[in-house]
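**Q** One structure coming up, written as structure tokens, with questions to follow.
The values are calculated or read from the model by the stated rules, or taken from the named source; none is laboratory data. This structure is a prediction, so every number in the text was calculated from the model and none was measured. Cβ sites come from the backbone with ideal geometry, for glycine too, and all protein chains shown count toward neighbours.
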Amino acid sequence: MTVWHRVRTPLRAAQVAHRVAECARDRRGVLVVGAPGDGASRLAADIATQLRIGGHAVMRLDDADRSAPGSRPTAPTDTIVVASARVGVPLPAGIAEFLAEHTDVVPLAALTRVEAAEVVTAATGHPPTARLVEALWRSSHGNLAALRATYDELERRGLINLSRGQLHMTLPVRDALDGLETDPARWVPQAESAPLRTVALEPLVTLDDLAELHDPDAVRALVRRGLLRADGAGERPLVVHPPLLAEVLRREATAGQRDDDYRAIARLPGAVGRLPAFAAWALAQGWEVTDADVVCAVRAASAVHDYAAGVRVADIALTGPPASAAPRAHLLLVRAQCLRLLERLGEAESSLTEASALIATSAGGSAEDRERDAMIALEIVAARADLAHYRERSPDGALALFDEARTRWQGDHDLPRRITLDALTILHLSYAGRFPDAVAAYRALVHAPPGPLGRRLEAFHAIALDALGRSDEAMVVLGRLDRQAESAPHSDWVVEEHLAARFTIVLHGEGVVALARETAWFQAVDANRLVLIAPGMRRLADAEVSLSVGDVPAAVAAAHDALKSLERDGPEDYLPRAVSLYAHALALGSDAEGARAQLTRLASLPGATNSPTGPEVRSTVAGTLAALGEHDEALARCRALAAEGLVGAAMRGAMTGVIRRHGPTCAFASTLTVSGAVPLLTRSLAAAVLSAHARDALLVSRTAAAAGQYAIAYAAATLARDRLTPGSSLHAAAVRLVSAAAVHARGLDTEVAAVTPLLTRRERQVADLMSQGLGNAEIAETLQLSKRTVEGHINRIYGKTALRDGPRAG
């Protein structure tokens, strides 16, 4: 029997607790509604169970939409009704009236990737790796039944194993999902599957398209039931929910059904130019399709990350009758762009070479034709530059291509192309981590390019300013980028660079607590099927946050997971960052041998620092060396960063040496000119180490704890405690701050290491207030507890964190 049938842990624990508290307070029940397989019945059962545990009388009404018509239940007085139903399905009259009187409707959203990971952890007792979470989510889009079915199938095929306390998947995500089996009947009857099959065969049809092809009422019913989902209005593409159902419907469709569906799609206006799967079918059937429509179809596939479909459409078109030079060059260009993203680099190079030769021979007659040819030529230059940079791990080849192109476009009418070349130059300097050069080039811009290219430029400019230690300026640019994103077309704002800028600038400049306030941006991406962020990248972010908090075991686990995922699934550009973070976490955790092995590996990676994270890789190496006790070498690397103008990266590289109270490192850090709360905290801690005043360290500890930077908070509080006289009120305050920070900062190899605390929720609340410097009476008032209860919690915190010199509660 699979673990899914044994587990009784609430799978949405926070939501369950919230609803249970509301029901108990208001004496009113809930009607949980969700799509088939989303887990509405399970959530209702968990709420009912927790209410019964709390001593409340509960009446359960599961699958209320399937109840017999004409019946009306009765509920005894003081009974809380907990029911579930499929969203959008009408309730029988008597049931509807009863539930309206006794319950509030709770719509159930699909799980995000983070929630999917929590589900697996609750069900199995072991956390899944990022790659396994991505496989489960891509097949389910948060549908609980599909997630379970996928897990069971992967486990049956022997693709999941347990190692180092985590559930690993032995194949890349794409390979693991091939050939998954499931029963479509668990979601939809066979009679209702025709519209779903159409979407499965052509994933870019819109809601309006589907209403043209099938009974509009049937389509609307599928949308209401959650089996079809659309992002936005009728012009947005649809998705079958869950995707696992779409895969089965696509695989089981007969040849006749496919042909009938595609012939019906042919009636839709502009279908061949915006629907790649249909375009491939039409080309294979020998239908006449214009070159412009083929290019549009390839771009449409690329926009939803279906690069294989784009290549398929282009290849079929290229085998047909030869087109004139410019259209064929354009087709070869978009084909090469898809091949590059599939990492078929040799084929991409050949395609671009042929495209360049063709556009050079194109003799555009009219001014419009010449402008078209020039724009194609510019795109070819940009594509060749991307390919060169990816291969060489250096911007030099790309910059040479841009310089060559500038010599060809000197006329006034070529200004848009020169602006684009200037923007691309800045991007490629940023790709290589050459941020001082990128900022200088940005300042020299005459005009910024509009649209997505301009937003990518702004994002990289913000990241560059952060590396230069100008976090306040970076926050201003980020705000400007946010305003641009608000008016951007659907999903255009969620470019990887924008998310990276938000994460990097807020974490490095403002701290963990500020980053936690930005969750809406990241949650939107976490549940967006059109945004593909490699699972390893997500775990890289987890590792960085854990290191900022000072949670070394969590950082080791996240960095190791990121490393393994990036090795197999890419992108390779970020592999050096994963190696550096893993080395740093191991060094902080006193695994010197493991840390040195990772540093050796990092040195062997070609172009390890020629990436947007290059300065951060270098600063992390400096921090690793400081954690290994090699302070002089670490300081030399920090000085080199500062000499290049990368003052922000230099400050982050010096942080470990400052925490370890290395005098020369503290002297260096205290002189750096930086902005942003976290860099200033590091500089203040360095000054406190050099100063004889313990009060300064106490202030740094409280400020760092408020920002969520518990590694700094712990180090500052320890510094103050060691300098103050035992028995004094300030010493007692310092010990309280050490204990509070140790709740979060675990495994740090400092002079007095914190042991892993096992605190209750209430003890963590007390510890957080302690870290802010509140006394016992103030904590009691804040939490509405008695002073004696607070004193008991504090004594247990001291005992669990095993810290010396703990003051007596009083």
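**Q** From the residues in the stretch 180-214 that are of a type outside the set (D, E) and touching a Gly at 6+ places or on another chain (Cβ under 9 Å), which one is farthest from R263 (Cα to Cα)? Quick ask: steps written out before the conclusion?
**A** Filtering the stretch 180-214 for residues of a type outside the set (D, E) gives 180, 182, 184-191, 193-201, 203-207, 210-211, 213-214.
Narrowing the set further to residues that are touching a Gly at 6+ places or on another chain (Cβ under 9 Å) leaves 186-187, 206-207, 211.
On the way: R186: 29, W187: 27, T206: 17, L207: 18, A211: 16 Å.
Step by step, filter the stretch 180-214, then rank; the result is R186.
**Q** Can you tell me which residue within the stretch 710-736, out of those that are among the β-branched types (V, I, T) and surrounded by 24 or more Cβ atoms within 10 Å (Cβ to Cβ), is nearest to S684 (Cα to Cα)? Let's see the steps before the verdict.
**A** From the stretch 710-736, those among the β-branched types (V, I, T) are 712, 718, 725, 735; that's our starting set.
Filter once more, keeping what is surrounded by 24 or more Cβ atoms within 10 Å (Cβ to Cβ): 712, 718.
Values: I712: 10, T718: 15 Å.
Selected residue: I712.
**Q** Only one of A677, A707, A667, A687 is surrounded by fewer than 24 Cβ atoms within 10 Å (Cβ to Cβ), touching a Ser or Thr at 6+ places or on another chain (Cβ under 6 Å) and not hydroxyl-bearing (S, T, Y); which? Before the answer, list the steps.
**A** Working: A677 fails: touching a Ser or Thr at 6+ places or on another chain (Cβ under 6 Å); A707 fails: touching a Ser or Thr at 6+ places or on another chain (Cβ under 6 Å); A667 fails: touching a Ser or Thr at 6+ places or on another chain (Cβ under 6 Å).
Checking each option against the conditions leaves just A687.
**Q** In addition: Name the pairs whose Cβ atoms lie under 9 Å apart, with the first residue in the stretch 137-156 and assigned by TED's automatic domain parsing to the domain that holds R174, the second aromatic (F, W, Y), and 6 or more positions between them or separate chains?
**A** Matching pairs, first to second residue: N143/W187; A145/W187; A146/W187; L147/W137; R148/W4; Y151/W4; D152/W4.
**Q** Out of the residues in the stretch 264-287 meeting the condition of being hydrophobic (A, V, I, L, M, F, W, C) and farther than 18 Å from T319 by Cα, tell me which one is surrounded by the most Cβ atoms within 10 Å (Cβ to Cβ).
**A** Going through the qualifying residues, I end up with L275.
**Q** Consider A377 carefully, then state whether it is surrounded by 23 or more Cβ atoms within 10 Å (Cβ to Cβ) and in a helix (DSSP H, G or I).
**A** Details: surrounded by 23 or more Cβ atoms within 10 Å (Cβ to Cβ): no; in a helix (DSSP H, G or I): yes.
Judged against the criteria, A377 is not a match.
**Q** Take the stretch 217-231 and flag every residue that is under 21 Å from Y262 (Cβ atoms) and either surrounded by fewer than 16 Cβ atoms within 10 Å (Cβ to Cβ) or of a type in the set (K, R) (or both).
**A** A218
**Q** Name every residue in the stretch 235-262 that is modelled with pLDDT under 90, acidic (D, E) and farther than 20 Å from Y151 by Cβ, in order of residue number.
**A** Listed by number, the residues that qualify are E235, E252.
**Q** So which residues in the stretch 77-105 are within 13 Å of D38 (Cα to Cα) and either out of contact with any strand residue (DSSP E or B) (no Cβ under 6 Å at 6 or more places or on another chain) or assigned to a strand (DSSP E or B) (or both), if there are any at all? Walk me through how you get there before you give the answer.
**A** Restricting attention to the stretch 77-105, the residues satisfying the condition of being within 13 Å of D38 (Cα to Cα) are 84-87.
Correct list: S84, A85, R86.
**Q** Quick one: which of E510, E486, E497 is closer than 27 Å to E644 by Cα and modelled with pLDDT under 90? If you could, list the steps in order and put the result at the bottom.
**A** Numbers: E510 fails: modelled with pLDDT under 90; E486 fails: closer than 27 Å to E644 by Cα.
Checking each option against the conditions leaves just E497.
**Q** Can you report the number of residues in the stretch 262-281 which are out of contact with any Leu (no Cβ under 9 Å at 6 or more places or on another chain) and within 20 Å of H330 (Cβ to Cβ)?
**A** Of all residues in the stretch 262-281, those out of contact with any Leu (no Cβ under 9 Å at 6 or more places or on another chain) come to 263, 266, 269-271, 273, 279-280.
Now drop any that are not within 20 Å of H330 (Cβ to Cβ), which leaves 270, 273, 279-280.
So the count comes out to 4.
**Q** Which of the residues spanning the stretch 320-369 are among the hydroxyl-bearing types (S, T, Y) and either buried (at least 24 other Cβ atoms within 10 Å of the Cβ) or out of contact with any Asp or Glu (no Cβ under 9 Å at 6 or more places or on another chain) (or both)? Before the answer, list the steps.
**A** As a first pass, look at the stretch 320-369 and keep what is among the hydroxyl-bearing types (S, T, Y): 324, 350-351, 353, 356, 361-362, 366.
Within the stretch 320-369, S350, S351, T353, S356, T361, S366 meet the criteria.
**Q** Please state which of the following conditions H214 fails to meet, knowing it meets all the rest: (1) assigned by TED's automatic domain parsing to the domain that holds E155; (2) surrounded by fewer than 21 Cβ atoms within 10 Å (Cβ to Cβ).
**A** (1)
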